[in-house]
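**Q** Have a look at this one before I ask anything.
The values are calculated or read from the model by the stated rules, or taken from the named source; none is laboratory data. Everything numeric in this text was worked out from a predicted model, so none of it was measured. Cβ coordinates were reconstructed from backbone atoms using ideal geometry, including for glycine residues, and neighbour counts include every protein chain displayed. When the accessible area is computed, the model is the full protein with side chains, heavy atoms only, and any ligands, DNA or RNA have been set aside. Shrake-Rupley method; radii C 1.70, N 1.55, O 1.52, S 1.80 Å.
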Number of protein chains: 2
Amino acid sequence: VAGGDTASALAAGNPVVVKAHPAHPGASDIAARAVRQAVSACGLPRGTFGLLHGASAEVSLALVVHPMIRAVGFTGSLAAGRALFDAAAARPEPIPVYAEMGSVNPVLVLPEALRERGAAIAAGLLQSATLGVGQFCTNPGVVLGLHDDALMAFVAEAGRLASAMPAGVMLQPRLADRFRAGRDAFRGTAGVEVAGEGAPGSGASSVAPIVFFVSGAAFLRDSSLREELFGPSTLVVACADRKQLGDAVRSLPGQLTASVHATEGDLRQYQPLIDALAERVGRVVFGGFPTGVEVAPAMHHGGPYPATTDVRSTSVGTASIQRFARPVCYQSAPASLLPPELQDANPRGLWRLVDGELSRAGW
Amino acid sequence: VAGGDTASALAAGNPVVVKAHPAHPGASDIAARAVRQAVSACGLPRGTFGLLHGASAEVSLALVVHPMIRAVGFTGSLAAGRALFDAAAARPEPIPVYAEMGSVNPVLVLPEALRERGAAIAAGLLQSATLGVGQFCTNPGVVLGLHDDALMAFVAEAGRLASAMPAGVMLQPRLADRFRAGRDAFRGTAGVEVAGEGAPGSGASSVAPIVFFVSGAAFLRDSSLREELFGPSTLVVACADRKQLGDAVRSLPGQLTASVHATEGDLRQYQPLIDALAERVGRVVFGGFPTGVEVAPAMHHGGPYPATTDVRSTSVGTASIQRFARPVCYQSAPASLLPPELQDANPRGLWRLVDGELSRAGW
């Protein structure tokens, strides 16, 4: 309701209509009230911000095809995001849809790094995979490595850490139900083993962290293992050789992030693999985990389809304003008609490109 | 073949496949040969540039849905551009389509400006409307003003200039046929008068410049008058009053450009009208005409649908590289993996935002 897309759209000068998630109408109302109070306190026009409720897809679709709606931001499932994208593309005047639709955020663990610091990587992985009970879009859901002793020790350590962790409470019982169903589907998939699982908690929304383990061959065989399991889990894939590891990387659809744990020696040997990963993602993290998404100019939070519907766009960071802005060129315009940003005197002291030179000067 | 989209895509590091227009396969081949020679001379990979021929829509559609094609640039008709856009949006992984599909590039002539320099504006209009025998995407096809003596004198002068101009030769007989058919349709539309027309030339591709005149009421009644007539023609619309002039502006679909001829006094009086125009276009030209499209960083050549399928994007100017690029964030990456643009030493001396400060320094 008061998230990044709302902030970006308002910053770009647009009014915003939010469709609240039916799982938390009350929390949405509280946030919307705060935004509306701010709108009023800032003297912005009434109607700058609106909130709609609705549990059916019709409300969202009606918004997306309304002629006065000019762009759409969305986070949720692939099916829902694609339905909104398709509706927007079929409008008489198509509009952009910025849908974020899930990601397994692959983590590449390379042999030397695992030998040097496998236990530390396992600890970082579990912390990241269980952060917010695994309910982050950047949750590291798939870990890719080469089957050797260091990887097996890493799997054992990750499993041990998971089994020692307490159960967590997801945002809604429905999410927990879905996680349990997905977890059981993973468990029932040929070749998938459980490396470790925490003790179950009580309550409808309570789920235990879990670490799965599978061979590269089984991972390549079953595309369902490459789909997001939303919750505190991760799947370690042990590839038989370098070729299979490459195949596993290339089997991945578009992702928000990839993470790489590698020594300098690993990097020299596996450069093409890292390039292949970078082609599939919006952000590559070295020596870390993807769950922290800093709100900063250098952040790019987006990625190739199906991670998002618009690979050019970020939902986090200063560039996110471009989702809801469009360029207009003013040629030979009198100063009185120009916005302050474009006036010769540069009253806001902005950096501007003037006759090929960047400058903050005015004249 | 060797146009702006090809240059932008190559500059962004992509290989390019061009589908040649069936009207000039030989010229396309000559241009493609020059590009392929440059590819070879620069030591770029074979296959960096390809040219396909085909007179049917199937070739284009097959290219647009090919999994290895990641973005599409197009200039042509609304029907063809929309078909490519729809095909791209329906792909399993949708891709951007930058289609430019026609524009009438409205020119607003305001009362004081017409009284002060109506004859000069008429001369500029005719020059712009007949440049390249009217075959520019930025051709000024509709002129909007208030019905008064100054406008009628302006119409008479524009008509006089058109009738004194020689016929021109369009690029192909088919374009000339279409122009003649469209011209005759305009002529047959209720309320449309011919203010002046040049003498017809000889030859299948020869067409004469023509200036039409219509009341604001008739213009608002018939949406076909708001569609592009590709060739050396323009339509002057005389609105009965300020409200009708506003209605005429707001009746226009998305455009590449708008031009405004106004004195300081006009600007003070008609600001909301100019704002309404700016909402419909990618570039607003003051005191000039839109046919000149300078290749410069400040240029924006694009506009709201149906002028283009992507209002955020320009086909001309340095920002056009963004059509064929996508952001990737490298977090904590070792210098050895970073492209030169991102290395701490800044070997290319680029302007970069570092910790919130723009700088060309390296360290």
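**Q** With the checklist (1) more than 9 Å from every other protein chain (Cβ to nearest Cβ); (2) within 28 Å of the chain's Cα centre (by Cα); (3) of a type outside the set (A, V, I, L, M) in hand, flag the one item B:PRO339 doesn't pass.
**A** Unmet for B:PRO339, out of (1) more than 9 Å from every other protein chain (Cβ to nearest Cβ); (2) within 28 Å of the chain's Cα centre (by Cα); (3) of a type outside the set (A, V, I, L, M): (2).
**Q** Of all residues in region A:306-323, how many are hydrophobic (A, V, I, L, M, F, W, C) and open to solvent by 30 Å² or more (accessible area, probe 1.4 Å)? Can you show your working first?
**A** Restricting attention to region A:306-323, the residues satisfying the condition of being hydrophobic (A, V, I, L, M, F, W, C) are A:307, A:311, A:316, A:319, A:321.
Remaining after also requiring open to solvent by 30 Å² or more (accessible area, probe 1.4 Å): A:311, A:319, A:321.
Adding up the residues that qualify gives 3.
**Q** What single numbered condition from (1) of a type outside the set (Gly, Ala, Ser); (2) surrounded by 22 or more Cβ atoms within 10 Å (Cβ to Cβ); (3) touching a Leu at 6+ places or on another chain (Cβ under 8 Å) fails to hold for B:VAL285?
**A** B:VAL285 satisfies all of (1) of a type outside the set (Gly, Ala, Ser); (2) surrounded by 22 or more Cβ atoms within 10 Å (Cβ to Cβ); (3) touching a Leu at 6+ places or on another chain (Cβ under 8 Å) except (3).
**Q** Take the residues in region A:282-302 that are under 10 Å from the mean Cα position of the chain (by Cα) and more than 9 Å from chain B (Cβ to nearest Cβ), then tell me which one is nearest to A:LEU108 (Cα to Cα).
**A** A:THR291
Matching residues to (1) more than 23 Å from B:GLU112 (Cβ to Cβ); (2) in a loop (DSSP other than H, G, I, E, B):
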{"residue": "B:LEU273", "(1), (2)": "no, no"}
{"residue": "B:ALA276", "(1), (2)": "no, no"}
{"residue": "B:GLY282", "(1), (2)": "yes, no"}
{"residue": "B:GLY288", "(1), (2)": "no, yes"}
{"residue": "B:THR291", "(1), (2)": "yes, yes"}
{"residue": "B:HIS301", "(1), (2)": "yes, yes"}
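**Q** Further question on the same structure: On the basis of being away from chain A (no Cβ under 14 Å), in contact with a Gly (Cβ under 8 Å, 6 or more places away or on another chain), polar (S, T, N, Q) and surrounded by fewer than 22 Cβ atoms within 10 Å (Cβ to Cβ), does B:SER215 make the cut?
**A** Criteria met by B:SER215.
**Q** Looking only at residues in region A:303-330 that are within 7 Å of chain B (Cβ to nearest Cβ) and among the β-branched types (Val, Ile, Thr), which one is farthest from the chain's Cα centre (by Cα)?
**A** A:VAL328
**Q** List every residue pair whose Cβ atoms lie under 7 Å apart, where the two residues are 6 or more positions apart in sequence or sit on different chains, the first residue falls within region A:341-363 and is open to solvent by 100 Å² or more (accessible area, probe 1.4 Å), and the second residue, located anywhere, is among the aliphatic types (A, V, I, L, M).
**A** A:ARG360/A:LEU350
**Q** Which members of region B:260-281 meet the condition of being within 9 Å of chain A (Cβ to nearest Cβ) and either surrounded by 22 or more Cβ atoms within 10 Å (Cβ to Cβ) or β-branched (Val, Ile, Thr) (or both)?
**A** B:VAL260, B:ALA262, B:ILE274, B:VAL281
**Q** While we're here: I want to confirm something. Restricting to region B:44-87 and keeping residues that are without any contact (Cβ under 8 Å) to a residue 24 or more places away in the chain and not aliphatic (A, V, I, L, M), which single residue is farthest from the other protein chains (Cβ to nearest Cβ)?
**A** The extreme case among them is B:SER56.
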